[in-house]
Amino acid sequence: MLKLFRNLERKDYFIMFIVACLVIFSVFLDLRLPEYMSEITRLVQTEESTMQQIFAAGGHMLLCAVLSLICTICVGYCTSLLSARFSRSMRRKIFEKVESFGIAEIKKFSTSSLITRTTNDVSQIEMLLAMGLQMLIKSPVMAVWALFKILGKSGELSLVTGCGVVIIVVTNLLIIRTVSPRFAKIQILTDKINGVTRENITGIRVVHAFNAEEFEKNRFEDVNDEITKIHLKVTKTFALMEPIMNFVMHFQHLGIYVVGAYLIIQSGMMDKITTFSNMVVFSSYGMQVIMSFLMLTMIFMVLPRAQVSAKRLNEVLDAEVSVVSGEFDGNTSEKGTVEFRNVSFRFPDADEYLLKNISFKVNAGEVIAFIGSTGSGKSTLINLVPRLYDATDGEVFVDGVNVKDYQLKALNNKIGYIPQTAFMFNGSVYDNVSYGDNGREKPSMQKVQDAIRVAQGKDFVEKMDGQYEAHIARGGTNVSGGQKQRLSIARAIARDPEIYIFDDSFSALDYQTDATLRAELKKYTKGATSMIVAQRIGTIMNADKIVVLDKGECVGIGTHQELLKNCEIYKEIALSQLSEEELQNA
């Protein structure tokens, strides 16, 4: 928890200092009230006293109460301001940290867990600051100060107050020890219920198509029932606090009056007034002590869950990023070259290598394609170029420089990446195609129109309401798969990169559109290097080089005709799609 609060800014510490000063002053005012009450009691029972003296003491009590109210209002405002500033800062830091994550870190935490940590977990800390900071300062200060006020006045009455304090402390410790592990389970189950809900909503079409509504409902109910049961157990445990606190508070009050009455009876005539006055003071201060511990009890209801949330947030903030930016700014004499030297790769939690000893080089302006059976490592291989993963062994070079030496921003500015699954952001067509920072000025509308034309998207975009300013829903749910893919290709074209990476980016296109797009792309991107992962032989047969992968190993490199003669695996793939006559005439 304390580690998390190191993220507070200097202004936040100043606000905390003001809160602490106001709370201590408020405690001082509250603890003055019993003294004035004792004075009024003494004055009422003394014959020489006047009404003016009684009214003066009452006026002082009223002034202390008003000033205490003003302090409490100011403290409430300051703690609200502090908690809001802290949660804003924490959400920003977590978002920025997640932005630096590679795919490995995203998989480690899961999307639903990161969403929960950014929202629910931050809210728990915010609640602790808003509700608990005032009580966390006020309760111990008031309890200790009040105890010092009454210690030495009467041993018997002090013992009654001490017994009440011991019961409350023991009760709180037992309850906290019981509920803390359950709060950890609640946050984990919150991740899980978010994950199930998100998966169900994302895959709603599949759920409907396979009549799986009942199955999904049962899956959700299992998690929902489990988190409900734990919440009920925690609530029932905390429900014990209120009756125990009320019992202690009322019986301490009663105990002080019983013991006080006994002491008054036993004291002499002259000491009765002093003993009665002490009893009134003890009653007031005893209530202050008990109220202090009641406030601590309220903190203990929030603190365990906030501690769990703080630990989860620290896990994200302290996570080591696997892909670290280098220092090279990207200015090279070579342009558009990519080279793999003895590259092998395995996922962090895997025992076996997915890619084994891959070596090849593609020069500027060339087209290199990758083909192989499902799971052969094609997509993983090209993901090593933009450093979505880093090679486990060997080296990857772009323009003659190891990709690990590049500043990530400089490396990405050289690349136009079209992922396997096209993703659209909420915004207009123009916003989606001109998306991102390419190290140059933002693409103009004319540039975006040219990119969409090359990507064969002009016809459907100009039929949309608003054309290039037409709205695209989050995830591209208001356009088809093929349209999303073409807009995704246009997004890369608009960057004018040195290197294009197509990760099976033509799969949703029909053969005619595929052929036309590649022809236009070749003319428009003349001089740029293209790396293409594909399943269709027709998409890659005109490539300058084709790399054939099988079980993570390179089993052939060459042109289409060379591989037909020399690579049996390539020939099998080709014959499964085209006839021998079509292959020979290609």
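Please treat every number below as a calculation from the coordinates, not as lab data. Here the structure is a predicted model, which means the values were calculated and not measured. Neighbour counts run over all protein chains shown; Cβ positions are idealised from the backbone, glycine included.
The Cα-based radius of gyration and maximum Cα-Cα distance (Dmax) for the chain are 36.1, 126 Å.
Distances between every pair of Cα atoms in region 306-463, grouped in 10 Å steps from 0 to the bin holding the largest one, split as 9, 28, 31, 23, 8, 1 percent.
Could you calculate the FRET efficiency of Y262 with F148 from 1/(1 + (r/R0)^6), where r is the beta carbon distance between them and R0 is 30 Å, rounded to 0.05? List each step's numbers first, then the result.
Details: r = 25 Å, r/R0 = 0.83.
Plugging the Cβ-Cβ distance into 1/(1 + (r/R0)^6) gives 0.75.
The peptide list 540-548, 186-194, 232-240, put in order of mean Cβ contacts within 10 Å with the highest first, becomes 540-548, 186-194, 232-240.
Please identify which residues in region 73-97 have an amide N closer than 12 Å to a label point set 7 Å out from the Cα of F25, following the Cα→Cβ vector. The answer is 73-75, whose backbone nitrogens lie closer than 12 Å to the label point.
Spacing of the modelled spin labels on S373 and R474, each 7 Å from Cα toward Cβ, amounts to 4.0 nm.
Under a 5 Å amide H cut-off, with hydrogens placed 1.01 Å from N, I546 pairs with A369, G558, T559 among residues at least 5 apart or on other chains. Multiplying the residue separation of D496 and Y13 by 0.36 nm and removing their Cα-Cα distance gives an extension gain of 169.1 nm.
For the set K404/K551; K378/K545; K356/K551, the pairs lying more than 20 angstrom apart at their alpha carbons are K404/K551. Each peptide in 466-479, 197-210 was scored by the mean count of other Cβ atoms within 10 Å over its residues; highest first, the order is 466-479, 197-210. Computed from point charges on the beta carbon alone (+1 for Lys and Arg, -1 for Asp and Glu), the dipole magnitude for region 4-317 about its Cα centre is near 1000 Debye.
What would the Debye equation give as log₁₀ I(q)/I(0) for region 4-317 at q = 0.12 Å⁻¹, counting only Cα atoms as equal point scatterers? Each listed q corresponds, in turn, to -0.93. For the peptides 561-572, 342-353, residues were scored by their other Cβ atoms within 10 Å and the scores averaged per peptide; the highest-first order is 561-572, 342-353. The C-alpha atoms of the chain define a longest principal axis, and helix 271-317 lies at about 10 degrees to it.
Against the longest principal axis of the chain, how steep is helix 10-44, in degrees 0 to 90 to the nearest 10, with axes from Cα atoms? Approximately 20 degrees, to the nearest ten. With a cut-off of 13 Å on the backbone N, the residues of region 391-430 near the modelled label site 7 Å out from N342 along Cα-Cβ are 393-396.
Taking a ≥ b ≥ c as the square roots of the eigenvalues of the Cα gyration tensor, region 76-145 is classed as prolate, since a/c reaches at least 1.5 and a/b is larger than b/c.
Computed over the Cα atoms, what is the radius of gyration of region 435-488 divided by 2.2 N^0.38 Å, N being its residue count?
1.15
The modelled label-to-label distance between A184 and I106, using points 7 Å beyond Cα along the C-beta direction, is 2.9 nm. With contributions of -39500 (n - 2.57) from each DSSP H run of at least four residues, the per-residue ellipticity at 222 nm computed over the chain stands at -20500 deg cm²/dmol. Starting from the Kirkwood radius over alpha-carbon pairs of region 389-521, derive D by Stokes-Einstein at 10 °C in a medium of 1.306 mPa s and give it in µm² s⁻¹. It comes out at roughly 102 µm²/s.
With a simple spin-label model that places each label point 7 Å from the Cα along the Cα-to-Cβ direction, the separation between E441 and L575 comes to 5.7 nm. Relative to the dominant Cα principal axis of the chain, helix 133-150 is inclined by about 20°.
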